[in-house]
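S.K.: Have a look at this one.
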Amino acid sequence: MSDPRTLTHAEAKRFYDHLGAKQDSQSFYEKAALERLLGHAELEHATHVLELGCGTGKLAVALLAERLPASARYLGLDLSSTMAELARRRTAPFGERAKIVQVDGRLPLPVDTGSVDRFIATYVFDLLAEDEINAMLAEAHRVLAPGGLLCLAGLTPGESGLGRVVSTTWTALHRLSPMLVGGCRPLTVGSTLSAKEWAVELRTPVRAFGITSEVLVARSKRAAPPPP
């Protein structure tokens with residue numbers, strides 16, 4: 001991956017504090033990729049779900065109301081105070097099943113090792129610098145229980161036609177100023193996964209309105225701890 005300048009944590013926070021509920025307007029191109037992702041995330045068997053970059057809580061509500069067992073717990077993390085507050089309001093009806101925590105972008109995440117079985121991040125990794133992506137993948141591997149699923153969706157380069165034109169233009173705008181595109185740019189995160197740590201179960205492009213997304217589901221190969 002090329003690694004042009006990305007937004008600092010402070011810049012990203014300011015941008016998404018200002019964006020607020022307007023973030024939901026991006027669903028016109030995200031919806032198809034999210035449906036593909038959730039359809040392969042085996043959520044009906046999940047018990048503890050972590051969403052990095054929970055945004056307004058729209059996906060959290062869909063998971064809690066429609067996809068997860070009634071006993072499953074959800075933890076959403078976000079850098080933006082505006083997003084975290086919106087997500088808290090949206091998930092309030094689910095009581096103790098849902099918790100939203102504002103983070104500052106530093107690692108480690110406030111999550112115990114091996115404590116979740118789904119790590120979800122949608123249109124988040126495409127904001128990160130290359131070294132941050134590698135560090136976050138290592139962090140996902142840490143917090144996932146053995147056999148847990150990494151579930152990612154994000155912008156990726158289009159391979160032909162309109163998709164290529166859109167992604168090329170998007171990349172050019174990002175290089176001009178990351179703030180013009182909210183810090184996001186097309187990446188191929190799946191190519192960075194370590195075969196020693198992850199077994200890729202799904203990696204596919206999904207195109208909508210000329211915008212191409214990479215949908216990725218990978219299972220942690222982390223060994224189970226020995227019995228006491």
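S.K.: For residues that are assigned to a strand (DSSP E or B) and among the charged types (D, E, K, R), scanning just segment 200-224, find the one that is farthest from THR171 (Cα to Cα).
M.R.: ARG219
S.K.: On the given criteria, is ALA65 touching a Gly at 6+ places or on another chain (Cβ under 8 Å) and at pLDDT 95 or above?
M.R.: no
S.K.: Also, quick follow-up: Exactly one of these conditions fails for THR204: (1) under 18 Å from the mean Cα position of the chain (by Cα); (2) within 23 Å of LYS13 (Cα to Cα). Give me its number.
M.R.: Unmet for THR204, out of (1) under 18 Å from the mean Cα position of the chain (by Cα); (2) within 23 Å of LYS13 (Cα to Cα): (2).
S.K.: Can you work out which of the residues in segment 20-42 that are in contact with a Cys (Cβ under 9 Å, 6 or more places away or on another chain) and hydrophobic (A, V, I, L, M, F, W, C) is surrounded by the most Cβ atoms within 10 Å (Cβ to Cβ)?
M.R.: Per the stated criteria, the residue is LEU37.
S.K.: How about segment 110-137: which of its residues are surrounded by fewer than 22 Cβ atoms within 10 Å (Cβ to Cβ), farther than 30 Å from LEU173 by Cβ and aliphatic (A, V, I, L, M)?
M.R.: Within segment 110-137, just VAL111 meets the criteria.
S.K.: Let me ask another. Residues that are out of contact with any helix residue (DSSP H, G or I) (no Cβ under 6 Å at 6 or more places or on another chain), under 17 Å from CYS151 (Cα atoms) and part of a loop (DSSP other than H, G, I, E, B): does segment 60-68 have at least one?
M.R.: no
S.K.: Do you know which residues across segment 135-169 are without any contact (Cβ under 8 Å) to a residue 40 or more places away in the chain and either of a type in the set (Val, Ile, Thr) or farther than 21 Å from GLY105 by Cα (or both)?
M.R.: Of everything in segment 135-169, those that are without any contact (Cβ under 8 Å) to a residue 40 or more places away in the chain and either of a type in the set (Val, Ile, Thr) or farther than 21 Å from GLY105 by Cα (or both) turn out to be SER160, GLY161, ARG164, THR168, THR169.
S.K.: For segment 97-126, which residues satisfy the criterion of being touching a strand residue (DSSP E or B) at 6+ places or on another chain (Cβ under 8 Å) and assigned to a loop (DSSP other than H, G, I, E, B)?
M.R.: Result: VAL103, LEU109, PRO110, VAL111, GLY114, SER115, TYR123, VAL124.
The values are calculated or read from the model by the stated rules, or taken from the named source; none is laboratory data. Remember, predicted model here, so these are calculated numbers, not experimental data. Don't worry about glycine lacking a Cβ; one is built from the backbone with ideal geometry, like all the others, and counts go over all protein chains shown.
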